[in-house]
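Comments concern the structure below.
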Amino acid sequence: MKVPASEAQEIMLKEAKSTYFDLPALDVSVAFPQATPASVFPPCNSDYYQFNDLLTLEEQAVRKKVRECMEKEVAPIMAKYWEKAEFPFEIIPKLGALRIAGGSIKGYGCPNLSITANAIATAEVARVDASCSTFILVHSSLAMLTIALCGSETQKQKYLPSLAELKTIACWALTEPDYGSDASALRTTARKVEGGWILEGQKRWIGNSTFADVLVIFARNTSSNQINGFIVKKDTPGLQATKIDNKIGLRIVQNGDILLKRVFVPDEDRLPGVNSFQDTNKVLAVSRVMVAWQPIGISMGVYDMCHRYLKERKQFGAPLAAFQINQQKLVQMLGNVQAMFLIGWRLCKLYESGKMTPGHASMGKSWITLKARETVSLGRELLGGNGILADFLVAKAFCDLEPIYTYEGTYDINTLVTGREVTGIASFKPAALSNRSRL
């Protein structure tokens, strides 16, 4: 009897395999006992210049409770979920109990934190896991803040209390497939009809969108040609959100493609305070400060991991920390963290005093992410082979930093925002093409 080709290949493959081929991987602590994985998170050693003294007692208390929760509840599971690119829904109640969602919003069940306390909380979450900090940032510093700043009193009372407790989850949809840095040119439309609006279009890269209860959507009013904001509830007819696969960074974050096909939004869910693209800048000014603190937290965690690893791991009969080149890299990382923290702290103080400009926020975000990239790259070198394993944090942080370097304004766009402010000349768009010579 002739064996079918596919069956023959299966038999051949089975015979070629060893008896131990399908065994599960060894636990990393068994496979590599010489250094402790990030599931047991290292103590914080990155505050070399004692910046904690700059924080109020309230801000120090926020830092302490967030750090304890992240190290205890998130650190042991983050590598597993990052590898699977799945969200750990079981941690949402624990994050909700921290009372940091809603950040600096006053009232409506929100914590009314100082901008600095909000930033410190963002950094402490990112220190252990950047994806969790992005989840909170999208929910809190974008969606909730838009409702708080641009929503009606009824909308605030209706949506903010449950969002503050993380009993409901929100996302914020501005970016489109064709419009990223050029978001003000978005093409999703909002057409006025009796009793409400019809939304049509597409959004991309929207964090939390696949499981959000509340979606804050921006669309172009077909009558005024201006950007308006809308609150769309999950499962609204015509609404669809699907997960974007194959990301190399922030894998735990569920970024999605949103399709809007004749989605009806009642008048009461139109955000009255969003009447042009400039109105989104009120939100982005705060969120950009928070995003600047994510790479600070990531770099803190990477430094802490490397600090412990270099003292535990031995080669040539000595701990890696005993080698001059390793000490030099470690100190370079530490110096970066001090400078990044100070820029971030000053940014918060400028905001709190009403002196912060868009250029300040943009330079803070762009410069800090640039230095963070350098810092995690040095950490990647220090960990050698273990620098490519998510188990030891650095590889995961290395990848997670890449989308942060790009979102909330790419490095280049943010430098141009600051450049416009200091020179008075906008350089976002290339000069119009012309057949005539400029000479």
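The values are calculated or read from the model by the stated rules, or taken from the named source; none is laboratory data. Predicted, not measured: the structure shown is a model, and the values here were computed from it. Glycine gets a Cβ as well: all are built from the backbone with ideal geometry, and neighbour counts include every protein chain shown. What goes into the accessible areas is simple: the full protein's heavy atoms, side chains included, and nothing from ligands, DNA or RNA. Shrake-Rupley method; radii C 1.70, N 1.55, O 1.52, S 1.80 Å.
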- Message: Connecting C-alpha atoms closer than 10 Å in a GNM of the chain, tell me which of G301, G109, G424 has the biggest fluctuation.
- Response: G424
- Message: Between helix 5-16 and the chain, what is the angle of the helix's C-alpha long axis to the longest principal axis, kept within 0 to 90° and rounded to the nearest 10?
- Response: 50 degrees
- Task: Specify the angular offset, from 0 to 90 degrees and rounded to the nearest 10, of the alpha carbon long axis of helix 280-312 from the longest principal axis of the alpha carbons in the chain.
- Result: 10 degrees
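Return one quarter of the surface area of the convex hull spanned by the alpha-carbon atoms of region 230-372, equal to its mean projected area, in nm². Can you show the working numbers first?
Values: hull surface 51.6 nm².
Mean projected area for region 230-372: 12.9 nm², to one decimal.
On alpha carbon coordinates alone, what is the Rg over Rh value for region 136-279, Rh being the Kirkwood radius?
Working: Rg = 14.1 Å, Rh = 15.0 Å.
Taking Rg over the Kirkwood Rh, I get 0.94.
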- Message: Between helix 115-128 and the chain, what is the angle of the helix's C-alpha long axis to the longest principal axis, kept within 0 to 90° and rounded to the nearest 10?
- Response: 40 degrees
- For the pair E90 and E153, how long in nm is the line joining their label points, each one 7 Å along Cα→Cβ? 4.4 nm
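Using a/c under 1.5 as the rounded threshold, could you call region 235-285 rounded, prolate or oblate? The axes a ≥ b ≥ c are square roots of the C-alpha gyration tensor eigenvalues, and prolate needs a/b larger than b/c, oblate otherwise. Could the numbers behind the result be given before it?
Details: a/c = 3.30, a/b = 1.30, b/c = 2.54.
Since a/c reaches 1.5 but b/c is at least a/b, the shape of region 235-285 is classed as oblate.
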- Report Rg (one decimal) and Dmax (nearest whole number) for region 37-88, counting Cα atoms only, units Å. 13.9, 40
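Between I77 and A339, what length in nm is gained on full extension when 0.36 nm per residue of separation is reduced by their alpha carbon distance? Before the final figure, lay out each step's value.
Numbers: separation 262, 0.36 × 262 = 94.32 nm, distance 3.07 nm.
Once the chain is fully extended between I77 and A339, it gains 91.3 nm.
Probe of 1.4 angstrom, ligands and nucleic acids ignored: what's the accessible area per residue over region 162-291, in square angstrom?
Working: 5340 Å² over 130 residues.
Counting only protein heavy atoms, the per-residue value for region 162-291 is 41 Å².
For the chain, what is the calculated [θ] at 222 nm in deg cm²/dmol (nearest 500), taking -39500 (n - 2.57) for each run of four or more DSSP H residues and dividing by its residue count? All intermediate terms of the calculation are to be shown ahead of the outcome.
Details: 14 runs with 194 residues, N = 439.
Result for the chain, helices only: -14000 deg cm²/dmol.
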- Item | Scattering curve values for region 108-183, log₁₀ I(q)/I(0), Debye with Cα scatterers, q = 0.12, 0.13, 0.14, 0.17 Å⁻¹ | -0.39, -0.45, -0.52, -0.74
- Query: How many nm separate the modelled label positions at K355 and L259, each set 7 Å beyond the Cα in the direction of the Cβ?
  - Reply: 5.2 nm
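For region 1-85, report the translational diffusion coefficient in µm²/s to the nearest whole number, using Stokes-Einstein at 25 °C, 0.890 mPa s, and a Kirkwood Rh over Cα pairs.
Values: Rh = 18.0 Å.
Estimated diffusion coefficient is 136 µm²/s.
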- Which residues' amide hydrogens lie under 5 Å from the amide hydrogen of I244, considering only partners 5 or more residues apart or on another chain, with H built in the peptide plane? N255, G256, D257
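Go ahead and run the numbers for FRET between S276 and Q332, Cβ-Cβ distance against an R0 of 30 Å, rounding to 0.05.
Values: r = 44 Å, r/R0 = 1.48.
Given R0 = 30 Å and the Cβ-Cβ separation, E is 0.10.
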- Other-chain or far-sequence residues with amide H under 5 Å of N112's (modelled H): I105, G107
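FRET efficiency for A183 and E402, Cβ-Cβ distance as r, R0 = 22 Å, nearest 0.05?
Working: r = 20 Å, r/R0 = 0.90.
The formula returns an efficiency of 0.65 here.
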- Message: Let me check against my output: what whole-number percent is the relative contact order of region 310-390, with C-alpha pairs under 8 Å and at least 6 apart?
- Response: 30 percent
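Round to a whole number: what % of the accessible area of region 128-213 belongs to carbon and sulfur, probe 1.4 Å? Display every interim value, and only then the final one.
On the way: 1390 of 2940 Å².
It is 47 percent, rounded to a whole number.
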- Item | Additional length obtainable on full extension of the chain from T19 to S223, 0.36 nm per residue less Cα span | 66.5 nm
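With an 8 Å cut-off on Cα pairs and a minimum separation of 6 or more residues, tell me the relative contact order of region 33-149 in percent. Show your work: numbers first, answer last.
Details: 98 pairs, mean separation 31.0, N = 117.
Relative contact order, region 33-149: 27 percent.
Return the FRET efficiency for the residue pair F316, S162: r is the Cβ-Cβ distance, R0 is 51 Å, and the value is rounded to the nearest 0.05. All intermediate terms of the calculation are to be shown ahead of the outcome.
Values: r = 58 Å, r/R0 = 1.13.
Efficiency computed from Cβ-Cβ geometry: 0.35.
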- Task: Return, for the Cα atoms of the chain, the radius of gyration and Dmax in Å, separated by a comma.
- Result: 24.0, 85
- Signed unit charges on C-beta, dipole axis of the chain, positive-most listed residue I136, T189, V66: T189
- Message: Can you divide the C-alpha Rg of region 1-154 by 2.2 N^0.38 Å and report the result to two decimal places?
- Response: 1.56
- Once the dipole of region 1-107 is set up with Lys and Arg at +1 and Asp and Glu at -1 on Cβ about the Cα centre, which of Y48, L95, I11 lies farthest towards its positive end? L95
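Could you tell me how many cubic angstrom of Cα convex hull volume region 295-360 has per residue? The partial results should precede the final answer.
Working: hull volume 5.0 nm³, N = 66.
With only Cα atoms used, region 295-360 gives 76 Å³ per residue.
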- Note on the structure: If each part is reduced to its alpha-carbon centroid, region 94-129 and region 189-208 end up apart, in Å, by 29 Å
- Message: Taking 8 Å as the Cα distance limit and 6 or more residues as the minimum spacing, I'd like the relative contact order of the chain as a percentage.
- Response: 16 percent
- Query: Hey, could you pull the Cα Rg and Dmax for region 305-439, both in Å?
  - Reply: 20.1, 70
- Query: How far, in nm, would the chain grow between E58 and E381 when pulled straight, counting 0.36 nm per residue and subtracting the alpha carbon separation?
  - Reply: 112.6 nm
